[in-house]
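The numbers here are math on the coordinates, done by the rules we state, and not lab data. No experiment lies behind these values; they were computed from the predicted model shown. Positions of Cβ are generated from backbone atoms using ideal geometry, with glycine treated the same way; all protein chains shown enter the neighbour counts.
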Amino acid sequence: MNNLSVSHLTGIRDLTVEDIEMIFKTADSFKEVINRPIKKVPSLRDITIANLFFENSTRTRLSFELAAKRLSADVVNFTSSNSSVKKGETLMDTVNNILSMKVDMVVIRHASPGAARFLTKHISAKVINAGDGTHEHPTQALLDAYSIREKLGSVKGKKVAIIGDILHSRVALSNIYCLQKLGAEVMVCGPSTLIPKHMSDLGVKVSNNLHEALLWCDVANMLRIQLERQDIQYFPSLRDYTLQFGLNQELLDSLGKDIVIMHPGPINRGVEITSDVADGPQSIILNQVENGVAIRMAVIYLLASQIER
């Protein structure tokens with residue numbers, strides 16, 4: 001079996017196109033597995049994986065946990081909300097304590113950009129970044145691109161608009177890197193206050209007009225407003241944001257064409273997207289959730305194959 005060119009998954013920028021294609025091909029196999037009556041394979045029975053979540057995330061943590069268990073790995077879950085991190089224990093203290101339990105792989109979500117990469121320099125276990133601050137969220141970008149490929153047959157040549165709170169989103173940056181590597185065109189759209197100044201340097205189109213972005217794109221990836229990361233007011237009110245950048249059925253119907261609707265979750269229903277659109281025929285949001293397990297199984301499996309046993 002071919003190996004990934006990387007020893008850890010800390011960001012999309014480190015991956016080659018061949019790496020991404022290998023992850024997708026492996027996910028295809030695992031997608032077939034998770035739709036069987038017996039959804040487990042014995043691939044990683046001797047591997048122990050620690051999920052270290054220093055930030056709250058029910059969906060991503062459950063997706064990683066389910067992926068590991070589908071591969072028959074042993075899983076240790078750690079969340080900082082009920083841990084000694086609140087008593088002043090450092091990231092390295094926590095990780096060393098867990099590694100002393102002979103863990104082979106660490107899945108980490110942390111508020112500090114670069115936390116996953118920092119770990120790779122200090123521990124021997126494989127590291128998967130499950131989101132580091134506003135920096136990257138590589139498995140989300142992989143599952144998003146995989147979902148587009150599944151729906152439209154290919155990512156190459158497609159026009160993808162990422163709409164909403166770009167400034168505070170780790171999903172946006174990882175998606176841009178991944179989609180561009182696979183040959184898609186990318187536009188970011190949102191209030192000018194929520195679009196970083198360096199976006200145009202990444203080779204993406206920038207728009208502050210939702211209707212314009214929707215007319216341009218084949219796929220609209222709606223991001224939630226991350227109020228918990230906003231230390232100042234970036235727009236007058238949520239109502240004002242919804243009027244300008246919220247996606248509803250009337251707007252979708254006015255385009256005169258079908259586009260694919262995505263959302264990384266969790267959804268602020270009625271803010272960035274209405275329920276009838278989120279649950280409608282053009283939405284692949286539930287497909288993204290299912291594909292998330294298959295993609296994470298693929299990443300875990302491919303990295304674990306590099307572990308000497």
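With the cut-off at 1.5 for a/c, could you classify the stretch 90-235 from its C-alpha gyration tensor as rounded, prolate or oblate?
Working: a/c = 2.88, a/b = 1.64, b/c = 1.76.
In terms of gyration-tensor shape, oblate.
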- Task: Mind pulling the angle between the C-alpha long axis of helix 138-152 and the longest principal axis of the chain? Nearest 10 degrees, somewhere in 0 to 90.
- Result: 60
- Item | For residue 247, distant residues with modelled amide H under 5 Å away | 273, 274
- Neighbour-count ranking [beta-carbon atoms within 10 angstrom, fewest first] of 46, 14, 165: 46, 14, 165
- Compute the Cα gyration tensor for the chain, then decide on rounded, prolate or oblate, letting a ≥ b ≥ c be the square roots of its eigenvalues: rounded whenever a/c is under 1.5, prolate when a/b is larger than b/c in the other cases, and oblate in all that remain. prolate
- Task: Determine ³J(HN,Hα), in whole Hz, for all residues of the stretch 205-216 in sequence, where each value follows from phi through the Karplus function 6.51 cos²θ - 1.76 cosθ + 1.60 and θ = phi - 60°; x replaces Gly and Pro.
- Result: 6, 10, 9, 10, 10, 4, 4, 4, 5, 5, 5, 6
- Item | Nonlocal amide H pairs with residue 130, under 5 Å, H built at 1.01 Å | 108, 109
- Among 188, 206, which comes first, second and so on when ranked by fewest other beta-carbon atoms within 10 Å? 206, 188
- Item | the stretch 129-147-the stretch 261-309 distance, computed between alpha-carbon centres (Å) | 10
- Which whole-Hz ³J(HN,Hα) couplings does the stretch 122-131 yield from phi under the Karplus relation 6.51 cos²θ - 1.76 cosθ + 1.60, θ = phi - 60°, glycine and proline marked x? 10, 10, 8, 5, 5, 10, 10, 7, 9, x
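Which of the three applies to the stretch 1-156, rounded, prolate or oblate, going by the alpha-carbon gyration tensor with a ≥ b ≥ c and a/c under 1.5 meaning rounded?
Values: a/c = 1.79, a/b = 1.44, b/c = 1.24.
Since a/c reaches 1.5 and a/b is larger than b/c, the shape of the stretch 1-156 is classed as prolate.
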- Calculated from backbone phi, Karplus (6.51, -1.76, 1.60) coupling profile of the stretch 53-59 in Hz, x at Gly/Pro: 10, 8, 10, 5, 6, 6, 5
- Any residue on another chain or 5+ positions along whose placed amide H is under 5 Å from the amide H of residue 218 is listed here as 159, 160, 161
- Query: Along the charge dipole of the stretch 110-212, Cβ charges K/R +1 and D/E -1, which of 202, 113, 180 sits furthest on the positive end?
  - Reply: 180
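Would you calculate a helix-derived [θ] at 222 nm for the chain, using -39,500 (n - 2.57) for each DSSP H run of n ≥ 4 and dividing by the full residue count, to the nearest 500?
Details: 11 runs with 117 residues, N = 309.
Mean residue ellipticity, 222 nm, calculated: -11500 deg cm²/dmol.
Let's see if you can work this out: charge +1 on each Lys and Arg Cβ, -1 on each Asp and Glu Cβ, no other charges. What is the dipole magnitude of the chain about its Cα centre, in debye to the nearest 20? Present the calculation step by step, with values, prior to reporting the outcome.
Details: 34 positive and 33 negative charges, 144 e Å.
So the magnitude is around 700 debye.
Once you charge only the Cβ atoms, +1 for Lys and Arg and -1 for Asp and Glu, what is the size of the charge dipole of the stretch 138-284 about its Cα centre, to the nearest 20 debye?
On the way: 14 positive and 16 negative charges, 95 e Å.
Dipole size: approximately 460 debye.
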